[in-house]
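Report on the structure given below.
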Amino acid sequence: MLDSLLPLLRAGLIFTIPLTLLSFGLGLALGLLTAITRLFGAKPLVAVARFYVWVIRGTPLLVQLFVIFYGLPSLGILLDAFPAALIGFTLNIGAYTSEIIRAVISSVPRGQWEAAYSIGMSWGQAMRRTILPQATRVAVPPLSNTFISLVKDTSLAAAITVPELFQTAQRIVATTYEPLILYIEAALIYLALSSVLSALQVRLENRFARYGGFLEART
């Protein structure tokens, strides 16, 4: 376990963490665009957004990665493993976060829109200054859970040859023949990452709760 710790940590720092951060950032932007399109877009765009969410949520992430990495070359589209994984995770996260964002925007009372319009705000100003700040506070817990799940889901990238943490563990197992020890070690590293993120999530939730009345109500 000591001999394999450094290679596993290196794979996590070079591939797992960057893949997680990039996928979540791009997926969150895609989710916001998709949610706004579904709520306020023209009917043809709404139909496209719904179809995208329906396809992604209705198919396994592993299958999506295989289609992108192994299937697209049949159409002449060749992608390296890391970009293929990034595209797959971004599309997947975008679909799920769009449902979260759509729900939290819809949860903002209509009176907030009317109040923003009554002081002369445009639709864009009302969205940026009034609606999204309130929706963000509500969205923190589900989006944080999605991010933590993504950290673990990046292990699926091993199936398309991305040399991230889990595939590194597989390669070491192939030479040491110690699957139990190494897979437990990989699991412990994922557990440590998830635990740190969970602690940060709690702090972030408490910070936002100060402005939502939850802490006062609980007290």
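The values are calculated or read from the model by the stated rules, or taken from the named source; none is laboratory data. If you're wondering where the values come from, they're calculated on a predicted model, not measured in any experiment. As a convention, Cβ positions derive from the backbone with ideal geometry for all residues, glycine included, and neighbour counts pool all protein chains shown. To get the accessible areas, we keep the full protein, side chains included, count just its heavy atoms, and leave off ligands, DNA and RNA. Shrake-Rupley method; radii C 1.70, N 1.55, O 1.52, S 1.80 Å.
Data overview
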read-out	value
Positions within the stretch 107-124 being without any contact (Cβ under 8 Å) to a residue 12 or more places away in the chain and either surrounded by 14 or more Cβ atoms within 10 Å (Cβ to Cβ) or touching a Lys or Arg at 6+ places or on another chain (Cβ under 6 Å) (or both), in sequence order	Y117, M121
Qualifying residues in the stretch 185-194 (those that are without any contact (Cβ under 8 Å) to a residue 60 or more places away in the chain and within 17 Å of the chain's Cα centre (by Cα)) - the one surrounded by the most Cβ atoms within 10 Å (Cβ to Cβ)	Y190
Qualifying residue in the stretch 204-218 (condition: open to solvent by less than 60 Å² (accessible area, probe 1.4 Å), touching a helix residue (DSSP H, G or I) at 6+ places or on another chain (Cβ under 9 Å), small (G, A, S) and over 25 Å from T20 (Cα atoms))	yes
Candidates T161, T175, T136, T168, filtered to the one that is more than 27 Å from T37 (Cβ to Cβ), surrounded by fewer than 16 Cβ atoms within 10 Å (Cβ to Cβ) and under 23 Å from the mean Cα position of the chain (by Cα)	T161
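One line per residue, one yes/no per condition, for (1) modelled with pLDDT under 95; (2) over 15 Å from K152 (Cβ atoms):
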residue	(1), (2)
P18	no, yes
F24	no, no
G27	no, yes
L30	no, yes
A35	no, yes
G41	yes, yes
A47	no, yes
